[in-house]
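Colleague: Sharing a structure, written as structure tokens. Questions coming.
The values are calculated or read from the model by the stated rules, or taken from the named source; none is laboratory data. Keep in mind it's a predicted model, so treat the numbers as computed, not measured. Positions of Cβ are backbone-derived with ideal geometry, glycine not excepted, and every protein chain shown enters the neighbour counts. Areas reflect the complete protein model, heavy atoms only, side chains present, ligands, DNA and RNA absent. Shrake-Rupley method; radii C 1.70, N 1.55, O 1.52, S 1.80 Å.
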Amino acid sequence: MTAAPGQQALALDVRGLSKRFGALTAVDNVSFSVRSGEIFGLVGPDGAGKTTTMRMLASVMRADAGAIRIDEVDVVADPERTKRHVSYMPQRFGLYDDLTVDENIRFFADLFDVPRKLWQERAVQLLTASRMLPFRQRLAGQLSGGMKQKLGLTCALVHAPRVLLLDEPTTGVDPVSRREFWQILYSLRATGVAMVISTAYLDEAERCDRLALFDEGSMMYCDTPQQLKRELPGAIVRVASVRPREAAAAIERVAGVRGVLLVGDGVHVHVDDAQASGAPLAQALQAAGVPAGPVERIEPTIEDLFVALLERKHKAA
Ligand SMILES: Nc1ncnc2c1ncn2[C@@H]1O[C@H](COP(=O)(O)OP(=O)(O)O)[C@@H](O)[C@H]1O
Ligand SMILES: [Mg+2]
């Protein structure tokens, strides 16, 4: 079904992209490329530079430096030439609240001169996939948050773009709609659309084919989620506890502990060696009188990796 990314053509190529706002460097010398049929994630906290990067890719903001090529065309020099092939769904997508679902879709189709028969076919397909078909006559202003985002995606897709730029499309969206949204992205991937998606949800980061981790304008890492996990120095162990804060305080200074991350039901501990740290961690918890389960080695989550990268960066600084 889906070809391996390596077999597909390069859809988007970014080299040395930078953007400053006064003294602030919002995007600092960022380079990556995305192939057709690949979902590429931009992951990072607020202010990391994700939106600014997206805006430059979408040619709605000029880069201070760097090159962007879409389908071999230089976008910085000739933004008009690629416009038809690119679709950008900004963080706050401009749907018309006083138009119906159908009228919104038609508006975006007209913007790109999509023939009526074609956009109607596409609309039915996309609305079916997102279970929105019964709501075609509803005003956009009366849709739920999740439905609005699915309609936004439908509008962004009526002209069948080859490159799709999605800026935090699922922020604030309920879990069921988020899952449906991702199903649509997977079916687009199978048709060869290249996607760049920014997200603040780390579980969504795991769904991307490749990820770029952003912090303070720089790209700290860029690879598949699997490769990121393999390259983590040391290991992650989990300790379940009903008092995670106390557990974290008790084990922070144990030898071989690189960092501690609070999770809902305990702590994730980044250690040099999972085997060797089991006994000292258990002893430290016992000595502090913190109730805790056994120390178990786990697969690192994207959040563990992100925190580990930040620790390393701040230690180096
Ligand atoms: N138009 C602007 N003028 C000045 N500063 C900006 C502007 N847009 C973004 N910034 C700043 O650039 C940095 C990156 O912002 P942004 O790209 O929106 O990050 P993200 O999308 O990852 O949250 C932030 O510090 C933000 O305040
Ligand atoms: Mg943003």
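Colleague: Just to be sure I understand: of the beta bridges DSSP finds with both ends in the chain, what percent are antiparallel, rounded to 5?
Modeller: The answer is about 65 percent antiparallel.
Colleague: Given a cut-off of under 8 Å on Cα pairs at least six residues apart, what relative contact order in percent is computed for segment 191-279?
Modeller: Reported relative contact order: 22 percent.
Colleague: Rounded if a/c is under 1.5, else prolate if a/b beats b/c, else oblate: with a ≥ b ≥ c from the C-alpha gyration tensor eigenvalues square-rooted, which is the chain?
Modeller: Prolate.
Colleague: Also: Would you please give the residues with an amide H less than 5 Å from that of Leu166, counting only those at least 5 places away or on a separate chain, with H modeled from the backbone geometry?
Modeller: Met89, Val196, Ile197, Ser198
Colleague: Treating the angle as unsigned and between 0 and 90°, give the value, to the nearest 10°, between the Cα long axis of helix 101-111 and the longest Cα principal axis of the chain.
Modeller: That helix lies at roughly 70 degrees to the long axis.
Colleague: Put Arg253, Arg178, Arg162 in order of accessible area, largest first, 1.4 Å probe: what do you get?
Modeller: Sorted descending by solvent-accessible area, the residues read Arg253, Arg162, Arg178.
Colleague: For the charge dipole of the chain, defined by +1 on Lys and Arg C-beta atoms and -1 on Asp and Glu C-beta atoms about the Cα centroid, which residue among Pro233, His268, Thr199 has the Cα displaced farthest towards the positive pole?
Modeller: Checking the options against the dipole of the chain, the answer is Thr199.
Colleague: For Phe21, Phe108, what's the largest-to-smallest order of accessible area, 1.4 Å probe?
Modeller: Result of the area sort, largest leading: Phe21, Phe108.
Colleague: Rolling a 1.4 angstrom probe over the protein chains, ignoring ligands and nucleic acids, what is the accessible area of Ser59 in square angstrom, nearest 10?
Modeller: 40 Å²
Colleague: With a 1.4 Å probe and all protein chains kept in place, how do Leu310, Leu42 rank by accessible area, largest first?
Modeller: Leu310, Leu42
Colleague: Could you tell me how many degrees, from 0 to 90 and to the nearest 10, lie between the Cα long axis of helix 274-287 and the main elongation axis, the longest principal axis, of the Cα atoms of the chain?
Modeller: That helix lies at roughly 70 degrees to the long axis.
Colleague: Find the relative contact order for segment 233-299 and round it to a whole percent, using C-alpha pairs within less than 8 Å whose residues are 6+ positions apart.
Modeller: Computed value for segment 233-299: 46 percent relative contact order.
Colleague: Taking the chain as the reference, fit the longest principal axis to its C-alpha atoms, fit the long axis of helix 116-129 to the helix C-alpha atoms, and give the angle between the two in degrees, 0 to 90, nearest 10.
Modeller: With rounding to tens, the tilt is 30 degrees.
Colleague: Here's something else I'd like to know. Charges at C-beta only: +1 for Lys and Arg, -1 for Asp and Glu. How large is the resulting dipole of the chain about its Cα centre, in Debye rounded to 20?
Modeller: Taking the Cα centre of the chain as origin, the dipole is about 420 debye.
Colleague: Treating the beta-carbon of each Lys and Arg as +1 and of each Asp and Glu as -1, no other charges, what is the dipole magnitude of segment 233-299 about its Cα centre, to the nearest 20 debye?
Modeller: Using Cβ point charges on Lys, Arg, Asp and Glu, segment 233-299 gives about 140 debye.
Colleague: OK, next. Relative contact order of segment 5-229, please, whole-number percent, based on alpha carbon pairs below 8 angstrom and at least 6 residues apart.
Modeller: 30 percent
Colleague: Please report the Cα spread of segment 233-299 along all three principal axes, rounded to whole Å, starting with the longest.
Modeller: The Cα atoms of segment 233-299 stretch 28, 23, 17 Å along the principal axes, largest first.
Colleague: How large is the helix-only mean residue ellipticity at 222 nm for the chain, computed as the sum of -39500 (n - 2.57) over DSSP H runs with n ≥ 4, divided by its residue count, in deg cm²/dmol to the nearest 500?
Modeller: Mean residue ellipticity, 222 nm, calculated: -10500 deg cm²/dmol.
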